[in-house]
Every structure is written in structure tokens, then in C-alpha cells.
Amino acid sequence: MAGAGCAAAVGISYLTKEHWYPLIRGPLVESPAPTITTPENNPPYANFEWERPICLNPSVGQKVSFSNLSRDPDNDALSYDWYIDGKLEGHSEGFSVRFKEAGQHIVRLEVSDGKLRSEKEITIYGIEPDQIYPTKSLHVKYKGINYSAANLAPGWAIPTPSKEEMDEQLDTIRDDLGCNSIIISAGGNYEDCLIECGKLAIEKGFERIYISPRYIDATPDETVERIEKFASKAKSLREQSENIVFMVGHEFGIDTIGITPGNNWIERATYQTTHNDWLDRVRTKVPVMFSRIIPICRRNYGYEIAYAAAVWEIDSVPWSDPMFESVCTNAYIMDRFGWTENWVIQHLSSLRRYGKPIISSEWGCMTFSGAGRVSAAGPLFFAENPYDEDGQANYIKRYCNMLNLEKIDGCFYTQYNETWDKGYGLYHPVTRKRKKGFYMYKSYERVGS
């Protein structure tokens, strides 16, 4: 039994792992390294947009910027090559350029991820000349323009600009036109726009900023009441900058209802060109309005004020009162009515008797043939005449040359932003091109009075 037990024990050993495992596993072979699949490289995507100005075409020398919208599907780092008219000009992600020539230009962006490239091209149309006239001197302390921060009255071709438009237009007025001063107007329902525009003008460094609410078609009583309410807002703005001046009104004899007959501005303007009895009304009622306005402003505003007077209102405004910081007159050259350069010079010279700065607060010409002969009365006469930029440019030249003879303290072209192409505005509202009048006014560089 014992032997059998021993034999059984030996036989069982043949069934153990130690006996059979070396026989079934075969020779030792190393496993192959795992296969690593490299994903296919995707090309980058070149894309950009040019930051087109809102109101005007860019001009030679004006900064034009581009927004880079390129991307890479694999999130690879990209390099950038910017070309202007086929010439490599930059490698940065963002890009801007100042074109040296007017006309059409091709901008191309090429992007690379180190292996593959992509490109996009944009044609920039309408780069305008920086100037088309020789520069000349303008002997005034304040070279300015009238700007509408909002619509003046229903039916007027004056838009209410967006904040972005306002920001761009004030930059254009200051930097492109070379104006260091501005009259900011708005209709009676847009006083908040007036204040906001005034704040922006302060930020942009205008040296004289007239804030001018216009309560067109309000009665004399309503006008005085609204001036009283607005005066405290004007005071808050004035306390932010001494460059602010509250211009309490503009040609009350025609803006205000109930002085000159007519239910709206155009009817009253027409009446003044066809009747003779309106002047006595102006001379009677305008002084009464100021007898109320001046104490109100002294109490609620507390600083010197201004007023843009029509020529026929000059003797109806108490300019000698210490509240007035200047004598402002809307003195147009109007050949049709005998208001030649010599006539306007005599008018401006006569205002020196008040011993205060003299401001030509509104003057200019529309953009149709014959407009220069009637100027301020343009809408009432030849508005159906053909579009004509030369007449406007020649009028501006006449007026600035006249100012250099009289050398008053300031001048403000009548209107910058207007949606009627034949109007006073200095740029075309559809094509976004600067009119010849724009270039002419720009050519007169302020050198001080």
C-alpha cells in the first residue's frame, strides 16, 4: 500500500502546472509596440473684416483698422501676413493701416499653422483724398460748426445720431475738419441727447462748447418755462468744464410760434420773405422774453450765457448785460437781399461797440446751383435746381476770406449732419463722401484772431 501510495504521488506530479506549463506556452516572444495614429492636420481658416467708419469713407492718412477673425480647427498657433496691394505690411494678429493714396486698395491676410496656409482678400473702395485745396489761414480763435445731437423738429432733415455715430462725427469735426469749437443743438424733446453730446465734446477736448436747446414751435411762455427747467442741467454740465456755454436760444423771432405769423418754421420763414410787418413784432416780443430769461439764468444757471441772434434781432437783445459772454449773430452773405461781404463786414464791425467777443454763430450754403445767392433762404427759393458742390465750396471760400478781413473771435458753419443731399451738410448722406465744401472749410486752418 505504501508503495502504491508513493507511485500515485509520482503520477499526480505529471498533472501539475510546473510540469505542463513550459510545454504549452512556447518560446518567449515580445509583444509589438502599440500603433499610434496621428490625426490629419486641418488647414487654418483665414478671415477678417475691416472696421468701416459709420458716416464717412476713410481718407488718405486716416487710420483704418481690421478685425482678425481667423481660426484653426486643431487649435494650432497661427502666424499672420498682411498684404496691401500685394506688398507685405505686417505680421501682427490685429492690423491697421493709413492708406497713402486715394482710390481702391486690396487687403489680403494669409495665415499659417506651420504646415498649411489659408488666405482671404478684401477690396477697399472709396479711400478719399485728404485734401483737394491748398491750405490757408483762418484768423479766428474759435473755428467751429453747428452739430445736431438730435432732431430739431418734425419734418427736418436732421437725424438723431446713435452714440457710435456721434462719437465718430465729433472726432471728424475736431480732427479732420480742424474745428476746436462746436455748437451742439437738439430739439426740445431731446434734452438728454444734448447733455450726453456735451459730455462727449468735453472728453474730446473742444475749447468752446455751446449747448443750444431749440424749442421750435413753442410759444414765448413755453420757451421761457423750458429754459428755466433746462438751466439746472446746463449748470451741472458747466461745472464739469469751463468750456461749456449755455446758448439759451436761436432766432426766437422765427423758431418761436406767435411772434412771426405761421404755424411752423417754414411758414414763418416764408412770411418773413413776403411781408414787412413781422419786424415790429420781433422788436416788441423778443426783448420781453429776455427780460424773463436773464433773471432765470442768473438764478438757475449762474454763469454767462449766449444767444444766436438773427441779424434783424440784434438790437432786440440786451448784449450789454453782464450775463452775455459774447455777441453771436447769424450773419449770412445773401446777395439776393443785398447782404454782400461788405455789408456783413459792416454788420460785424458794428457789434464791437459792446466790447465783447463777436461770434458768427451761423453761416453757410446749401448744395444746389444758385444756393449761394440766397444762402440761409435756400429752401424757399431754388431747391429744385441741380445738385452742385462747387457753389457751396465757393461760398465757404468767400465767407472765410471775409472773416480774415474782419478778424472776429469765432465762426460756426451752419450744419454738419443733414440727410438731405442738397442741404447744408458737408458730406453726402448716401455715398458717404466728403463734399467739396468739407474740403474747402478744412483748408482754412485756424491760426487765432
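The values are calculated or read from the model by the stated rules, or taken from the named source; none is laboratory data. In this text, all values refer to a predicted model and were calculated from it rather than measured experimentally. Note that each Cβ is placed from the backbone with ideal geometry, even for glycine, and that neighbours are counted across all protein chains shown.
Quick one: would you say residue 227 is modelled with pLDDT of 95 or more and under 18 Å from the mean Cα position of the chain (by Cα)?
The answer is no for residue 227.
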Fill in the blank from the handout: Checked 178, 126, 188 against criteria (modelled with pLDDT of 95 or more and either in contact with a Lys or Arg (Cβ under 9 Å, 6 or more places away or on another chain) or assigned by TED's automatic domain parsing to the domain that holds residue 309 (or both)); the one match is 178
Exercise for the section: Could you pull out the residue among 333, 294, 314 that is of a type in the set (A, V, I, L, M), touching a residue at least 40 places away in the same chain (Cβ under 8 Å) and assigned by TED's automatic domain parsing to the domain that holds residue 393? Expected result: 333
Exercise for the section: Tell me, please, whether a residue that is hydroxyl-bearing (Ser, Thr, Tyr) and touching a residue at least 60 places away in the same chain (Cβ under 8 Å) can be found in the range 188-197. Expected result: no
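Residues checked against (1) in contact with a Gly (Cβ under 7 Å, 6 or more places away or on another chain); (2) of a type in the set (A, V, I, L, M, F, W, C); (3) assigned by TED's automatic domain parsing to the domain that holds residue 57; (4) over 30 Å from residue 247 (Cβ atoms):
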residue: 93; (1), (2), (3), (4): no, no, yes, yes
residue: 103; (1), (2), (3), (4): no, no, yes, yes
residue: 148; (1), (2), (3), (4): no, no, no, no
residue: 182; (1), (2), (3), (4): yes, yes, no, no
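What is the residue count in the range 94-115 for residues that are closer than 21 Å to residue 77 by Cα and in contact with a Phe, Trp or Tyr (Cβ under 6 Å, 6 or more places away or on another chain)?
4
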Handout entry: Number of the condition not met by residue 113 [criteria: (1) in the same structural domain as residue 440 (by TED's automatic domain parsing); (2) of a type outside the set (A, V, I, L, M, F, W, C); (3) over 14 Å from the mean Cα position of the chain (by Cα); (4) more than 25 Å from residue 359 (Cβ to Cβ)]
Key = (1)
Problem - Every residue from the range 410-425 that is modelled with pLDDT of 95 or more and touching a helix residue (DSSP H, G or I) at 6+ places or on another chain (Cβ under 7 Å) - result: 411, 413, 416
Completion exercise
Filter the range 383-409 for residues that are surrounded by fewer than 19 Cβ atoms within 10 Å (Cβ to Cβ) and of a type in the set (A, V, I, L, M, F, W, C); the one that is modelled with the highest pLDDT is 405
Practice task
Quickly run through the range 181-194 and pick out the residues that are of a type outside the set (Asp, Glu) and either more than 9 Å from residue 149 (Cβ to Cβ) or part of a loop (DSSP other than H, G, I, E, B) (or both).
Solution key: 181, 182, 183, 187, 188, 189, 190
Fill in the blank from the handout: Flagged in the range 397-427 as under 18 Å from residue 183 (Cα atoms) and among the acidic types (Asp, Glu), in numbering order, are 409, 418
Handout entry: Selection within the range 410-434 - surrounded by 20 or more Cβ atoms within 10 Å (Cβ to Cβ) and of a type outside the set (Phe, Trp, Tyr)
Key = 410, 411, 414, 415, 417, 418, 422, 423, 425, 426, 434
Completion exercise
Over the range 366-381, the set of residues surrounded by fewer than 19 Cβ atoms within 10 Å (Cβ to Cβ), in a helix (DSSP H, G or I) and without any contact (Cβ under 8 Å) to a residue 60 or more places away in the chain is 373
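For every residue, the table says whether it meets (1) in contact (Cβ under 8 Å) with a residue 24 or more places away in the chain; (2) within 20 Å of the chain's Cα centre (by Cα); (3) assigned by TED's automatic domain parsing to the domain that holds residue 351; (4) in a helix (DSSP H, G or I).
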| site | (1), (2), (3), (4) |
| --- | --- |
| 396 | yes, no, yes, yes |
| 404 | yes, no, yes, yes |
| 416 | yes, yes, yes, no |
| 429 | no, yes, yes, no |
| 432 | yes, yes, yes, no |
Completion exercise
Counting only residues that are outside any helix (DSSP H, G or I) and either touching a helix residue (DSSP H, G or I) at 6+ places or on another chain (Cβ under 7 Å) or crowded, with 16+ Cβ neighbours inside 10 Å (or both), the range 148-180 contains a total of 15
Handout entry: Residue satisfying condition, being closer than 29 Å to residue 174 by Cα, outside any loop (DSSP other than H, G, I, E, B) and in contact with a strand residue (DSSP E or B) (Cβ under 6 Å, 6 or more places away or on another chain), within set 97, 140, 111
Key = 97
Practice task
May I ask you to verify whether residue 233 is closer than 16 Å to residue 149 by Cβ and surrounded by fewer than 23 Cβ atoms within 10 Å (Cβ to Cβ)?
Solution key: yes
Practice task
Read through the list (1) of a type outside the set (Phe, Trp, Tyr); (2) closer than 24 Å to residue 359 by Cβ; (3) free of Cβ contacts under 8 Å to residues at least 24 places away in the same chain, then give the number of the only condition that residue 388 fails.
Solution key: (2)
Problem - From the options 342, 276, residue that is within 28 Å of residue 355 (Cβ to Cβ), in the same structural domain as residue 398 (by TED's automatic domain parsing) and without any contact (Cβ under 8 Å) to a residue 12 or more places away in the chain - result: 342
